[in-house]
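Novice: Dropping the structure in here first, questions after.
Taken together, the values in this text are just the output of simple stated rules run on the coordinates, not laboratory data. Fair warning: this is a prediction, and the values are worked out from it, not measured in the lab. In this analysis, Cβ positions are derived from the backbone assuming ideal geometry, glycine residues included, and neighbour counts consider all displayed protein chains.
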Amino acid sequence: KRFKEPKEERRPWRIWFYDTSKQGIGALFIHFANVFLSDLTEEDPCSLYLINFILDATLGMLLIWLGVKVVSWVVHRKKYTYLVFGEYG
């Protein structure tokens, strides 16, 4: 995907690495949490993964969206120019 972006719009490598590594660390955390929970509850790890995925894709995204909206509102109101989402400069 990185090489499909126009050169003038590409993020620096360090920022790209930070963005992708946090997703990998999150996926790794969920994987080990599912394995740990399946040992505790005697449930199938695949069904726990499905439950976690559905919760993350619905409630998790709603909470993140609300958090971004609240923080963006505070940043705009207080005029904090360094905390604007998507501005890496």
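Novice: How big is the dipole moment of the chain about its Cα centre under a simple scheme where the beta carbon of each Lys and Arg is +1, that of each Asp and Glu is -1, and everything else is neutral? Debye, nearest 20, please. Display every interim value, and only then the final one.
Specialist: On the way: 12 positive and 10 negative charges, 186 e Å.
With Lys and Arg at +1 and Asp and Glu at -1, about 900 debye.
Novice: Any idea how far the Cα center of the stretch 9-27 sits from the one of the stretch 38-72, in Å?
Specialist: For the stretch 9-27 versus the stretch 38-72, the Cα centre distance is 21 Å.
Novice: Okay, next question. Using every alpha carbon pair in the chain, what percent of pairs falls into each 10 Å bin from 0 up to the bin containing the largest distance?
Specialist: With 10 Å bins starting at 0, P(r) equals 13, 28, 32, 20, 7, 0.
Novice: Putting +1 on Lys and Arg Cβ atoms and -1 on Asp and Glu Cβ atoms, find which of ILE51, LEU66, LEU28 reaches farthest to the positive end of the dipole of the stretch 2-78.
Specialist: LEU66
Novice: Further question on the same structure: I need the phi-derived Karplus couplings for the stretch 48-62: 6.51 cos²θ - 1.76 cosθ + 1.60, θ = phi - 60°, integer Hz, Gly and Pro marked x.
Specialist: So the Karplus estimates, Gly and Pro as x, are 5, 4, 4, 4, 4, 5, 5, 5, 5, 6, 10, 5, x, 5, 5 Hz.
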